[in-house]
1. Would you mind working out the magnitude of the charge dipole of the chain relative to its Cα centre, with +1 at each Lys and Arg C-beta and -1 at each Asp and Glu C-beta, to the nearest 20 Debye?
2. Normalised by the number of residues in the stretch 38-166, what is the relative contact order in percent for Cα pairs under 8 Å and 6+ residues apart?
3. So what's the net charge close to Asn52: Lys and Arg +1, Asp and Glu -1, counting the other residues with Cβ under 12 Å from its Cβ?
4. Sort Arg10, Arg40 by heavy-atom solvent-accessible area, probe 1.4 angstrom, most to least.
5. In the stretch 8-121, carbon and sulfur make up what percent of the accessible area (probe 1.4 Å)?
6. For His156, what charge total do you get from the other residues with a beta carbon under 10 Å from its beta carbon, if Lys and Arg give +1 and Asp and Glu give -1?
7. In Å², what does the accessible area per residue of the chain work out to with a 1.4 Å probe?
8. Looking at the stretch 8-134, I'd like the Rg to Rh ratio, where Rg is from alpha-carbon atoms and Rh is Kirkwood's inverse mean 1/r.
Amino acid sequence: MSDRDTVLGRVRRALADVPREERPEDAPVTGGRPSRDGARTPAEAADLLARNLADYRALVHRVSPALLPGLVAGLLAARGARTLLVPEGLPERWPATAVAAGVRLCPDDPRATPAELDAVDSVLTGCAVAVAETGTVVLDGGPGQGRRRITLVPDHHICVVRVPGQVVDSVPLALERLDPTRPLTWISGPSATSDIELDRVEGVHGPRTLEVVLLEG
């Protein structure tokens, strides 16, 4: 008996008690993985998001609004960044301390070439929503997020997530908040790939370093 015959035999046995006139849409699908949508407290969701982001090798920081400008300046200084790309609509106070320390702001210019974007040291954005269960931040090109390419070409991305307002438990809850006609970018950790020998290489399809700031309060 071939593998094909084995598979088809299992399918026939599984369908043996199904009436011939029944259509797939006549039988509702039940079961599956139980969902905890909405069951977590905001604090639990934020903690889970932080753990899963860290599992994907993102660098996670938790800070109050008053301390955010200083944190951003510190993250840039730690990398020796002198230029920071900022999209339209980003709160001016977020990079204010870095600017005072000498970091030059670069606007999100649609005419910028990939080489010009690659020359930028870091990019600072907000996000549309973050998914706790998958450790994912989603950008949709809205205010403070900019075009997709600005978060894929520069080597260092700082992404600010407002907690609890932008954190949801699951992907289905995230989809309820997102407009599918917008350019959605789903980010789980820094860009990474591996070859057939499972040697991990980061920074191939996006930033080599992703820092997620959970802005709490």
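1. Details: 25 positive and 30 negative charges, 50 e Å.
In total the dipole reaches around 240 debye.
2. On the way: 195 pairs, mean separation 38.2, N = 129.
With pairs under 8 Å counted, the relative contact order is 30 percent.
3. Values: positive: Arg51, Arg57; negative: Asp47, Asp55, Glu133, Asp169.
After counting each charged neighbour, the total is -2.
4. Values: Arg10 150, Arg40 45 Å².
From most accessible down to least: Arg10, Arg40.
5. Details: 4270 of 7780 Å².
On the stretch 8-121, the fraction of accessible area on carbon and sulfur atoms equals 55 percent.
6. Values: positive: Arg79, Arg208; negative: Asp121, Asp155, Glu211.
The answer is -1.
7. Values: 12470 Å² over 217 residues.
With the other protein chains kept in place, the chain gives 57 Å² per residue.
8. Details: Rg = 24.5 Å, Rh = 19.4 Å.
Looking at the stretch 8-134, the ratio lands at 1.27.
The values are calculated or read from the model by the stated rules, or taken from the named source; none is laboratory data. Note that this is a predicted model, so its numbers are computed, not measured. Glycine gets a Cβ as well: all are built from the backbone with ideal geometry, and neighbour counts include every protein chain shown. Each accessible area value is taken on the protein alone, full model and side chains, heavy atoms only, with ligands, DNA and RNA left out. Shrake-Rupley method; radii C 1.70, N 1.55, O 1.52, S 1.80 Å.
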